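I have placed the structure first, in the form of structure tokens, so that the comments after it can refer back to it.
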Amino acid sequence: MAQGIPKDLLMNTVLINELVEVAKDAALVQGVLMRVKESPNSSELVTYAPFTLFPTPVPKDVFLQAKAVQTHYNTLVDKISQDPDFLQEALASTIVVDDFTARLFKVHQQILQEGRSQSIVLGLNRSDYMLDQREDGSTSLKQIEINTISASFGGLASHTPDVHRHILKVAGRLEESQRILDNKPAVGLADGIAKAWELYGSDRAVVMFLVEAMQRNILDQRFIENELWKRNITTIRKRFEEVSKSGKLDDNKRLFVDGQEVAVVYFRNGYMPQNYTSEQTWEARLMMERSLAVKCPDISTHLAGTKKVQQVLAKPGVLERFFPDQPQAVEQLRATFAGLYTLDMGPEGDKTVEMALATPDRFVLKPQREGGGNNIYGEEICKVLGRVKDSSERMAYILMDKIQPRPIQNYLLRRNTPLKISNCLSELGFYGVYVRQGQDMVMNDCVGHLLRTKSSEHSDGGVNAGVAVLDNPLLF
Ligand code: ADP
Ligand code: MG
């Protein structure tokens with residue numbers, strides 16, 4: 001299946017229809033579930049999380065390359081988070097024009113001023129890539145972004161391999177079914193949280209998941225919670241509003257929410273402006289950041305994951321600042337960078353504008369936002385840049401080379417969506433976990449992967465945005 005799913009299989013509508021029924025049931029049996037849109041805060045009604053009928057071929061060398069570079073990405077993010085001068089310089093232009101980043105930066109500065117109260121750091125991130133198609137037909141691994149806050153789907157991705165194995169067996173493809181890799185990010189993510197909890201050092205203290213108002217994807221998080229409960233660690237789920245109402249710091253800056261001491265705050269919310277619905281929400285974030293609880297991520301690590309930082313890292317000489325004695329790490333990281341261009345005021349930014357206006361189809365224009373659906377493509381780039389090119393507003397964006405993966409035909413299974421064959425593009429992510437105590441890295445691992453696939457009609461958007469679906473790599 002190196003070249004995709006064989007045509008005769010894809011076109012065998014009788015078999016495909018049978019497989020689709022088998023596939024949906026397999027997803028339900030394995031717990032690849034999501035609450036339905038109509039009732040995001042109740043598990044009375046759930047459906048299968050959207051997924052591909054077949055796994056997607058991924059070259060083995062590229063897969064292993066991404067896996068191998070993950071611990072360097074962990075180290076890089078962690079080092080950036082400890083380098084206030086770098087963050088200040090990298091984000092200086094952005095915070096002039098982007099209110100949300102500016103607000104996060106203000107929290108960061110306040111914590112720096114007061115001094116960090118906790119020396120234990122927990123990082124759970126996901127570095128996402130697409131495979132760029134070279135002219136000679138080979139592929140090269142290019143990073144799309146790194147998510148340092150609220151990287152999702154580690155729970156569900158732990159249960160999709162058995163779904164695809166089952167589908168392939170029913171389709172008479174035993175050999176391929178045996179090539180679907182095991183994947184257990186939920187265990188690895190929980191290992192990191194458990195380590196941070198243990199280092200915090202209080203048996204009574206809990207792990208708090210800071211969750212959204214709309215919790216359609218709760219089951220993804222439940223897999224991680226369950227892993228923690230298996231280790232006899234108590235988890236609670238709270239929204240910003242609840243932390244705001246019932247949270248407080250004691251004289252030692254220990255965080256108590258509803259009377260329970262919190263050892264670890266795991267943010268599964270707080271990465272979009274609309275997550276902060278009031279001044280109280282921002283105050284709750286600040287309270288958590290100030291506290292002795294281990295934050296995943298802390299505010300500086302959150303900022304280290306911004307798209308502006310990604311663009312600055314791609315400038316010559318910048319990676320060397322973080323890895324002065326590790327040319328190999330620099331080389332491995334840099335090999336995954338796509339072209340990234342500044343839109344700061346000045347001749348370099350002017351050049352970027354000119355280049356983007358001349359050939360918009362070669363680029364993606366990105367504001368400092370997360371969560372899918374914010375990027376700008378094609379003619380839209382000309383419209384937006386046309387409007388902002390002569391003002392400092394343009395500094396809210398970065399420009400990036402558009403990665404062009406080879407489309408593969410597949411069926412995307414989603415509730416209430418008619419079945420049709422689609423030309424698909426995939427994005428491969430790797431989960432990184434690290435725990436640092438003072439200067440000691442006590443854990444630094446790659447704990448699993450995530451393949452998401454979308455129809456090539458959509459240029460943007462993740463699974464939660466209703467565009468991409470869960471998938472598995474089939475290495476060749
Ligand atoms: P977000 O924080 O919203 O997830 P991303 O940078 O991951 O932002 O972009 C969202 C989606 O847009 C990606 O999942 C991918 O499908 C598409 N995308 C982003 N950058 C590129 C790129 N350089 N080339 C091609 N597609 C891209
Ligand atoms: Mg993304």
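The values are calculated or read from the model by the stated rules, or taken from the named source; none is laboratory data. Model, not experiment: these values are computed from the prediction. Cβ: placed from backbone, ideal geometry, glycine included. Neighbour counts: every protein chain shown. The accessibility values were calculated without ligands, DNA or RNA, using every heavy atom of the protein model including side chains. Shrake-Rupley method; radii C 1.70, N 1.55, O 1.52, S 1.80 Å.
Numbers for the structure displayed
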{"read-out": "Viscosity 1.002 mPa s, 20 °C: Kirkwood-radius Stokes-Einstein D of region 21-99 over Cα pairs, µm²/s", "value": "122"}
{"read-out": "Length-normalised contact order of region 339-402 in % [C-alpha pairs under 8 Å, at least 6 apart]", "value": "48"}
{"read-out": "Share of Cα-Cα pairs in the chain lying beyond 39 Å, as whole percent", "value": "21"}
{"read-out": "Net charge dipole size for the chain [Lys, Arg +1 and Asp, Glu -1 on Cβ; Debye, nearest 20]", "value": "640"}
{"read-out": "At least 24 Å along the helix axis (C-alpha) and Kyte average at least -1.0, DSSP helices within the chain", "value": "13-30, 60-81"}
{"read-out": "FRET efficiency estimate (nearest 0.05) - Cβ-Cβ, Asn41 to Gln82, R0 56 angstrom", "value": "0.90"}
{"read-out": "Proximal aspartates and glutamates to Lys24, defined as alpha-carbon separation beneath 13 angstrom and excluding residues fewer than eight positions away on the same chain", "value": "Asp162"}
{"read-out": "In nm, spacing of pseudo-spin labels at Asp350 and Val96 (7 Å Cα→C-beta vector)", "value": "1.5"}
{"read-out": "Carbon + sulfur, % of accessible area of the chain - ligands and nucleic acids excluded, 1.4 Å", "value": "49"}
{"read-out": "Per residue, the convex hull volume that the Cα atoms of region 184-342 enclose (Å³)", "value": "163"}
{"read-out": "Listed residues Tyr377, Phe363, Phe337: farthest to the positive end of the dipole of region 304-403 (Cβ charges)", "value": "Tyr377"}
{"read-out": "Region 7-75: GluC sites (Glu not before Pro) in DSSP coil with no more than 10 other Cβ atoms inside 10 Å", "value": "Glu38, Glu44"}
{"read-out": "Distant alpha-carbon pairs in region 265-420 (separation over 23 angstrom), percent", "value": "56"}
{"read-out": "Kirkwood hydrodynamic radius (C-alpha pairs) into Stokes-Einstein, region 109-230, 10 °C and 1.306 mPa s, D in µm²/s", "value": "89"}
{"read-out": "Asp344 accessible area, assembled protein chains, probe 1.4 Å, Å²", "value": "40"}
{"read-out": "DSSP beta bridge pairing in the chain, given as percent antiparallel to the nearest 5", "value": "80"}
{"read-out": "Cα centroid of region 455-476 to Cα centroid of region 39-106, whole Å", "value": "16"}
{"read-out": "Region 383-444: C-alpha gyration tensor shape, a/c 1.5 cut-off, then a/b vs b/c", "value": "oblate"}
{"read-out": "Asp250-Phe337 FRET efficiency (beta carbon distance; Förster radius 60 Å; 0.05 resolution)", "value": "0.85"}
{"read-out": "Where only C-alpha atoms are counted, convex hull volume of region 48-186 per residue in Å³", "value": "179"}
{"read-out": "Over 20 Å (Cα to Cα) - which of Lys184/Lys307; Lys230/Lys295; Lys67/Lys454; Lys37/Lys366; Lys184/Lys230; Lys389/Lys454 fall in this group", "value": "Lys184/Lys307; Lys230/Lys295; Lys67/Lys454; Lys37/Lys366; Lys389/Lys454"}
{"read-out": "Accessible area (Å², 1.4 Å probe, nearest 10) - Met355", "value": "50"}
{"read-out": "Percent of C-alpha pairs per 10 Å bin, region 339-402, short to long", "value": "24, 63, 13, 0"}
{"read-out": "Probe 1.4 Å, accessible area per residue of the chain, Å²", "value": "41"}
{"read-out": "Using a Förster distance of 51 Å, the FRET efficiency for Gln113-Gln404 (Cβ separation, nearest 0.05)", "value": "0.65"}
{"read-out": "At most 15 other Cβ within 10 Å, DSSP loop - GluC sites (Glu not before Pro), region 328-394", "value": "none"}
